[in-house]
Amino acid sequence: MNFLRGVMGGQSAGAQPSGAETIQKLCDRVASSTLLDDRRDAVRALKSLSKKYRLEVGFQAMEHLINVLQTDRSDSEIIGYALDTLCNIVSNDLEEEEQEENSQKQVDDLGRQFTEIFIKQQENVTLLLTFLEEFDFHVRWPGVKLLTSLLKQQGPQVQQIILVSPMGVSRLMDLLADSREVIRNDGVLLLQQLTKSNAAIQKIVAFENAFERLLDIVTDEGNSDGGIVVEDCLLLLQNLLKNNNSNQNFFKEGSYIQRMKPWFEVGDDNSGWSAQKVTNLHLMLQLVRVLVSPTNPPGATSSCQKTMFHCGLLQQLCTILMATGVPADILTETINTVSEVIRGCQINQDYFASVNAPSNPPRPAIVVLLMSMVNERQPFVLRCAVLYCFQCYLYKNQKGQGEIVSTLLPSTIDATGNSVSAGQLLCGGLFSTDSVSNWCAAVALAHALQENATLKEQLLRVQLATSIGNPPVSLLQQCTNILSQGDKIDRRGSKVQTRVGLLMLLCTWLSDCPIAVTHFLHNSANIPFLTGQIAENLGEEEQLVQGLCALLLGICIYYNDNSLENCRKEKLKQLIEKRIGKENFIEKLGFISKHELYSRAAQKPQPSFSSPDHMMFDHEFTKLVKELEGIITKAIYKSSEEDKQEEEVKKSLEQHDNIVTHYKKVIREQDQQLEELKQKVNTLKSQNEQLQTAVTQQMSQIQQHKDQYNLLKVQLGKDNQHHSSHSDMLQMNGIQPEEISKLRQEIEELKNKHEALQGQLREKDSVIENMKSLQSETGTTEHSSQIAASAGLEQANELCRELEALRIQIQSQSSDISKLQSEKQELLQQMNTASVPALGDNSAITAAKNSELEGRLLQEIKELKSEVKTLSEEKALLKQHLDSINSTVAVLQDEKSKLHQEVTESKKEQDDLLVLLADQDQKILALKNKLKELGEPVEDEDDTESGDQGDEDEDGEEED
């Protein structure tokens, strides 16, 4: 307040006395007048005086104007005058003559002081926000301008007040939907000030649909051809997206990246670009770079890069890149944008490699850009942009690195000379007389070798023809030759720059590549040159070269495999101690990281230099220096014993790595075997299901046989009641011998099968014994073999139980067969005795036989029931056996193929037994059909059939 009074006093002294008095009178009228018209006229007069007498009006009238805003809200005219007056007081946008009379600093202080007075009461800002909801143009527009001025003067404080105000940000977002362009445009400016450096407000504005509205405005205004409104919208979008990962993710997920593609459709005619179009397109390119900046989280950047490729935005940028007539600054920014869109993204890098320039014949875009980089006539910023683009193309792209290096190898060089390759351009720039070209080519070639030991070895094969008649020299040798003759060659630019570039290339090439170190040490002149450079006391400019020479010599020591007797680690360290001194060597090595240009290059990947003289360090090389500086220092101070111990540790680590690799291979093979066993388990499960369905079908067939037997018995009983016994006996006596002979033959066949089954059982017993002996021999050699042996014994026990069940079944069948045989003998005796008695006795004999047959039928029914029960138990045993096999298959990973074959053979034998049982059922049915054809004495034949079946069961039991 004292400051305001002092300034006011100084200004009022120079002003006419009537001005200050008039302002005082007007303030009294505003405060005391009861008529609204009088107060309105007084506020209008204060507005007209507020620009010329800013200090007096602000000091005397601000309180009265705030009271007007609070009390006269119903009159839009007086509110508009009051808002305009406050805006003139707070704003620093003075007229030219006013700016001449007052210094800019004093003007800024005035606006800041008045703003502090206004926002001291937070209710004033809240009241101002309510006026922004009014649709009246004379209220809303000055309200927008006043709030914008407040944000310019005291941004963080006003932002905090708006943030805690209910619906404060939402009210301001409504300005973008105003149909009056002047309010909409000033609303964009207001939001620019509101969103500066405030992530919370940025998120609220973004989620209030700001992206949609701003992109609609840009589209309506004509994209890059639009006016300054497009520029303001793009600046607001940058505020919302820059360093705000949440908004960037929301922008990508809302499919707003796809809406950026039409911005870059510049057309074929690129002549006559307006200054506004250049500005708009420049901001649009910067907005793309915000989304794919290397400083963003890697996952978010990668996601945006892929979206830009799939929606065609990258293709559109490459079109501008290869177009003609594009202004130089737009072309430079486009190259930088394409660089960051493809950086570290394989799919984008592959597409960029396929882009061709519209020339005849077509040339790859990479080659065209490299031609600009090594051309000293091109603008410096453009050459830096091309270098950045090349670096981003090779970043984490081993495929691209291999393609670049392959253009230098002898087998791939175009012998016709019709086209120039990327490798040839890099070599040309490396050995040209322009120091900037030397540095750019050296750094580009170093990026082609970054973290790729294979390419470092392949590059040793590159041979260069220096002059006609002289033998070719290797690329490594040529680099060292130029390095040693750097002062003697006449160059345009800094000679230090050329040597720094070559030393960075050599350090990158030799690091982590012992073969390259051996090639470098094989030239006897290299080590004396390095030690000579380090030992000399040169000027400050040459200290950087000395530090890089120390780094290169340290790399030759640390990555030395001691294959050269004269250049072993110990001898090189002794040489340093004698000619340079360890402390002096470490001091020279520290010159690199202490350099100012080193610190600048380490900040961000993009090479940005204010002048060619500042082009010294590459960002990726600063990472290498940071990594190597410590380990080289340790290597210099290590003794020979420590070196030996380190070598032993390395060897042990290599052996450990080999062991780990071996076990990885074993685990991979075991995984494959496990997968195969899983497939076998699935196959066995399917077979188990098929067997279960087959058993179910057999059970249904047995039930059908029971039903048919019951029907047959009922029909035979009825036939016995309706036919005479004498005629039936005669028919039986006429047919029975043939049937008996057939039954005997079938009994013989069953006996043969019984013997065959016994032979199979003996074979199974021998197999089980072999399996048991095999399991006992395998012993306890390995833990996996123990598991296989125990699993094999379990499987053998399961097979024994299965065979025991089969023995029981075959014994029951054998008993049934014996019963059938005995019943047949009784039937023959009965037929012989039946032919002797007279005809009168036939009736008595028939009655006795009927009663006897009824008893046998009841007994046969019981036997059939027991047989059905036995079959059901057999089914359960088979099912349990299949389940046990399925459970053991998963454990038998390393079991020998012989065990698998035995299990397969046992399953085949089970299938044969099931088939045998089915054949027996069919034969029983055939016997029943034959008994049905015999006539009255069918009951005896039924007994015979049941007896035969009993004999078969007994035979089966005997076989078991």
If I ask for residues that are under 26 Å from residue 154 (Cα atoms) and of a type in the set (A, V, I, L, M), which ones from region 193-229 would you list? 194, 199, 200, 201, 204, 205, 206, 210, 214, 228, 229
Determine whether residue 262 is in contact with a Pro (Cβ under 6 Å, 6 or more places away or on another chain) and either aromatic (Phe, Trp, Tyr) or modelled with pLDDT under 95 (or both). no
Quick one: how many residues across region 539-569 are more than 43 Å from the chain's Cα centre (by Cα) and loosely packed, with under 13 Cβ neighbours inside 10 Å? 5
Of all residues in region 391-403, which are out of contact with any Leu (no Cβ under 7 Å at 6 or more places or on another chain), surrounded by 16 or more Cβ atoms within 10 Å (Cβ to Cβ) and more than 14 Å from residue 334 (Cβ to Cβ)? 391, 393, 394, 395, 397, 403
Only one residue in 651, 664 is open to solvent by 90 Å² or more (accessible area, probe 1.4 Å) and modelled with pLDDT of 80 or more. Which one? 664
Residue 624 passes all but one of (1) over 37 Å from the mean Cα position of the chain (by Cα); (2) open to solvent by less than 60 Å² (accessible area, probe 1.4 Å); which number fails? (1)
Could you tell me which numbered condition residue 530 fails, if it satisfies all but one of (1) surrounded by 22 or more Cβ atoms within 10 Å (Cβ to Cβ); (2) within 18 Å of residue 627 (Cα to Cα)? (2)
Every residue in region 301-310 that is open to solvent by 30 Å² or more (accessible area, probe 1.4 Å) and either over 18 Å from residue 258 (Cα atoms) or not polar (S, T, N, Q) (or both), please. 306, 309, 310
Note on residue 164: of the conditions (1) of a type outside the set (Phe, Trp, Tyr); (2) within 41 Å of the chain's Cα centre (by Cα); (3) open to solvent by less than 10 Å² (accessible area, probe 1.4 Å), unmet is (3)
Can you tell me which residue among 677, 730 is aliphatic (A, V, I, L, M) and modelled with pLDDT under 75? 730
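Select from region 570-583 the residues that are open to solvent by 40 Å² or more (accessible area, probe 1.4 Å), of a type outside the set (Asp, Glu) and without any contact (Cβ under 8 Å) to a residue 40 or more places away in the chain and list them in ascending order.
571, 574, 578
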If you check every pair at least six apart or on different chains, which have Cβ atoms under 8 Å apart with a residue in region 676-704 that is on the phi < 0 side of the Ramachandran plot first and a residue that is surrounded by 14 or more Cβ atoms within 10 Å (Cβ to Cβ) and not in a helix (DSSP H, G or I) second? 677/892; 677/893
Residues that are closer than 20 Å to residue 303 by Cα and open to solvent by less than 40 Å² (accessible area, probe 1.4 Å): which helices (runs of 4 or more DSSP H) entirely in region 178-291 hold 1 or more of them? 199-207, 210-220, 228-241, 245-253, 275-291
Look at residue 389 and say whether it is at pLDDT 95 or above and either among the hydroxyl-bearing types (Ser, Thr, Tyr) or part of a helix (DSSP H, G or I) (or both). yes
Provide a single number: the residues in region 348-381 that are under 32 Å from the mean Cα position of the chain (by Cα) and not polar (S, T, N, Q). 10
Enumeration of residues in region 156-172 that are under 18 Å from residue 136 (Cα atoms) and at pLDDT below 90: 171
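The values are calculated or read from the model by the stated rules, or taken from the named source; none is laboratory data. Everything quoted here is computed from the prediction, not taken from an experiment. Cβ: placed from backbone, ideal geometry, glycine included. Neighbour counts: every protein chain shown. Surface accessibility is based on the protein's heavy atoms, side chains included, excluding ligands, DNA and RNA. Shrake-Rupley method; radii C 1.70, N 1.55, O 1.52, S 1.80 Å.
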